[in-house]
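Asker: Take a look at the following structure, please.
The values are calculated or read from the model by the stated rules, or taken from the named source; none is laboratory data. All figures in this text were calculated on a predicted structure; none of them were measured in a lab. Cβ atoms come from the backbone with ideal geometry, glycine included; neighbour counts cover every protein chain shown.
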């Protein structure tokens, strides 16, 4: 295919993960999402659940949260904070993966980490808050917080994480070659567009 | 087609205008760009060149420039500043156009003005600064300022104008159903994707 690697960044509740799965299946390449978390966990020694959260979300809405992260253990993390050490190892695992095989990588700032590769197609999948609110209730059920608040919290934490580690604005069109509204276009149409561009 | 109206917002030098022309031609619908300027000029009494500049660009990089705009003539502009009066009339012309006929509308915040229409497909065409710098030199020749500065100035003025009149961030994926990197995908591929989505 024209692009060996496809990164799929996605808003929570947009169906971006499902789009990524369909793209990987249609192209016959592996998808790295949960498996990426496990690889980073193995490489760092952190628990998968810690990696899952910290590799995409700031602890609070503010980037200041990083200033209060636990200090690293000298000799293992070289004095870095745990989130900074995680970032370094996450970057290494993603760069290695991209070097080794054609694949789809979901989230984890892979668009930024692989931005200098011309064989990498960066995709952003997003949808309106109302579409995403309905979808998360359908998929994950109700919770104490209304779905709009859950979305706003997740969005703010992802935005803060992206800003902190990349210096960029999460969701700006310029970060991606393709940005698609899954709420209006639908999962299948988004998949078709990405597969068609990836095949060239 | 599935979408009656297509708005094409574009970064200066991205080739977005050419993409819009090709899309209109393939769909057999009129394109409103220069003609939109003339309609707004006729409606407001402003010179077309004034409309061309003020309908998309802030006068300086700062939104504060609007605070110093010439005050409106009571009875004609109802005490509004000239840029505010232009915005009101620009909005009216675009809403009327969308009501009347299938078409492609280039720029002028039409994505925001028509955001509540479900028959409107909002597209953003962008490209890397290096791609755009080469393209503007090829198309418009060299000038006193280096192309990177010309791009940065235009981008900043469009961003300030969009922020002032819509409250949003120009170029954020969420504003559009499709955002496409014309530098990587190419003019033809961008056209194909938009036409295919527009036809449904």
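Asker: Which ones in region A:1-44 are assigned to a helix (DSSP H, G or I) and modelled with pLDDT of 95 or more?
Answerer: Residues of region A:1-44 that are assigned to a helix (DSSP H, G or I), as a first pass: A:16-27, A:34-44.
Within region A:1-44, A:16, A:17, A:18, A:19, A:20, A:21, A:22, A:23, A:24, A:25, A:26, A:27 qualify.
Asker: Mind listing whichever residues of region B:127-139 are under 20 Å from the mean Cα position of the chain (by Cα) and either loosely packed, with under 12 Cβ neighbours inside 10 Å or under 11 Å from residue B:11 (Cβ atoms) (or both)?
Answerer: First, pick out the residues of region B:127-139 that are under 20 Å from the mean Cα position of the chain (by Cα): B:127-129, B:131-133, B:135-136, B:139.
Correct list: B:127, B:128, B:129, B:131, B:132, B:135, B:136, B:139.
Asker: Inside region A:90-200, counting only strands (runs of 3 or more DSSP E) that do not spill past its ends, which hold 1 or more residues that are in contact with a helix residue (DSSP H, G or I) (Cβ under 6 Å, 6 or more places away or on another chain), within 16 Å of residue B:179 (Cα to Cα) and within 14 Å of chain B (Cβ to nearest Cβ)? Walk me through it before giving the result.
Answerer: Values: elements: A:103-106, A:120-126, A:178-181.
Output list reads A:120-126, A:178-181.
Asker: Keeping to region A:65-103, report how many residues are over 22 Å from residue A:12 (Cβ atoms) and at pLDDT below 55.
Answerer: Looking only at that region, the number is 8.
Asker: Against the conditions (1) closer than 23 Å to residue B:169 by Cβ; (2) at pLDDT 95 or above, where does residue A:149 fall short? Just the number, please.
Answerer: It fails just one condition, (2).
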